[in-house]
Amino acid sequence: MPVLPGAEPYRHAGGEVGVLLCHGFTGSPQSLRPWAEYLAERGLTVSLPLLPGHGTRWEDLRLTGWQDWYAEVDRELRNLRDRCARVFVAGLSMGGALALRLAAKHGEGVAGVMVVNPANRVHGRYARTLPVSRHLVRTVKGITGDIAKGGVEVGYDRVPLHAAHSLRNFFRLVDGELPQVTQPLLVLRSAQDHTVPAADSARILGRVSSTDVTQIVLEQSRHVATLDHDADRIFEESLGFIGRLAPSVGKEGTTARG
């Protein structure tokens, strides 16, 4: 199937510090593209993949599961580690959970984690009944487009419940692995989020083993904060976070390995 306009993956070969960005459930790289381009323009090597089943039509997502989505970002992380001296992982919503699992599994191979409105649970009226309801109801209303300033998030207007059930299982898996996350962590959370409640960020912060933790509340944005009023702050705070941990960022002469 052809990829929706704007949902294409993005990659940029820059310096010795790399960043992997993970988009959210039913969304696409479009929601993180401005963030990726901001980092690329400042000399970083950036990878923003399109997750399997996303960016085409919701019927394609119905045929995939968390193993497919995680395998894609795991592969991208390994590619970045082959060419970069230090690699950071970041994500929005479900992408935050993907980033946290990468940190838990790769240990010192991940230099730091940056998450925006990270998800830890499936919410909504079908959440508890997904094991059964997914066999009775094919889809429910979509969850994309929660942006205070308006604008469009490229994604699906329907959520296939088979995929939502897989997502539910993935969140449970990641929740159990959070104590393995020891890297520096930056959490950016919107004050008004109609998709993921603040309790998810609180749960994550309460379970990780990281000691270098920063939480920032985004007062003017909703769930897709990377396309909202606080986008510039997200970009600037993430660059500062990376620069503190990898001082070579922004200096001339930094090159990727390989």
Response to the item:
Subtracting the Cα-Cα distance of Glu108 and Gln220 from 0.36 nm times their residue separation yields 36.9 nm
Response to the item:
With the charge dipole of the range 10-245 built from beta-carbon charges (+1 for Lys and Arg, -1 for Asp and Glu) about the Cα centre, the Cα from Thr129, Ala199, Pro34 projecting farthest to the positive end belongs to Thr129
Practice prompt. Could you list the trypsin sites (Lys or Arg not before Pro) in the range 82-152 that lie in coil according to DSSP, counting only those with at most 10 other Cβ atoms within 10 Å of their Cβ?
Written response: Arg125
Discussion item. Given a 10 angstrom Cα cut-off, can you work out which residue in Pro160, Pro29, Pro118 is the most mobile in a GNM of the chain?
Written reply: Pro160
Item to complete: Could you look at the range 10-245 and say what percent of its accessible area is carbon and sulfur, using a 1.4 Å probe and all protein chains?
Response: 45 percent
Item to complete: Once you have the Cα-Cα distance between Arg83 and Asp157, take 0.36 nm times their residue separation minus that, and quote the gain in nm to one decimal.
Response: 22.9 nm
Fill in: Mean separation of Cα contacts under 8 Å (6+ apart) over length of the chain, as relative contact order %
23 percent
Worksheet item: Rounded to the nearest 0.05, what FRET efficiency is calculated for Arg125 and Arg75 with R0 set to 51 Å and r the Cβ-Cβ distance?
Response: 0.90
Item to complete: With label points built 7 Å along Cα→Cβ from the Cα atoms of Ala13 and Ala202, find their separation and express it in nm.
Response: 4.7 nm
Fill in: Antiparallel DSSP beta bridges within the chain, as percent of all bridges there, nearest 5
20 percent
Worksheet item: Just how large is the dipole of the chain about the Cα centre, in debye to the nearest 20, putting +1 at every Lys and Arg Cβ and -1 at every Asp and Glu Cβ?
Response: 760 debye
Worksheet, complete the sentence: For the chain, the Debye formula with one identical point scatterer on each Cα and no solvent gives log10 I(q)/I(0) at q = 0.13, 0.15, 0.17 Å⁻¹ as -0.75, -1.02, -1.33
Discussion item. Please list, by residue number, everything in the range 135-163 whose backbone N is under 15 Å from a paramagnetic label point 7 Å out along Cα→Cβ of Gln192.
Written reply: 146-151
Worksheet entry | Surface per residue (accessible, 1.4 Å probe) for the range 10-245, Å² | 39 Å²
Worksheet item: With each run of n ≥ 4 DSSP H residues scored as -39500 (n - 2.57), what mean residue ellipticity at 222 nm is computed for the chain after dividing by its residue count and rounding to the nearest 500 deg cm²/dmol?
Response: -10500 deg cm²/dmol
Worksheet item: FRET efficiency for Val132 and Arg172, Cβ-Cβ distance as r, R0 = 25 Å, nearest 0.05?
Response: 0.90
Worksheet item: Amide H to amide H, which residues 5 or more places from His229 or on other chains are under 5 Å from it, using H placed in the peptide plane?
Response: Ala148, Lys149, Arg222
Discussion item. What's the longest uninterrupted piece of the chain once you rule out the GluC sites (Glu not before Pro) that are loop residues per DSSP with at most 15 other Cβ within 10 Å?
Written reply: 1-218
Worksheet item: Farthest toward the dipole's positive end in the chain, which of Leu48, Ala111, Leu98, given Cβ charges of +1 (Lys, Arg) and -1 (Asp, Glu) about the Cα centre?
Response: Leu98
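The values are calculated or read from the model by the stated rules, or taken from the named source; none is laboratory data. Fair warning: this is a prediction, and the values are worked out from it, not measured in the lab. Virtual Cβ from ideal backbone geometry, glycine too; neighbours counted across all protein chains shown. Please note that ligands, DNA and RNA were not included when accessible areas were found on the heavy atoms of the full protein model with its side chains. Shrake-Rupley method; radii C 1.70, N 1.55, O 1.52, S 1.80 Å.
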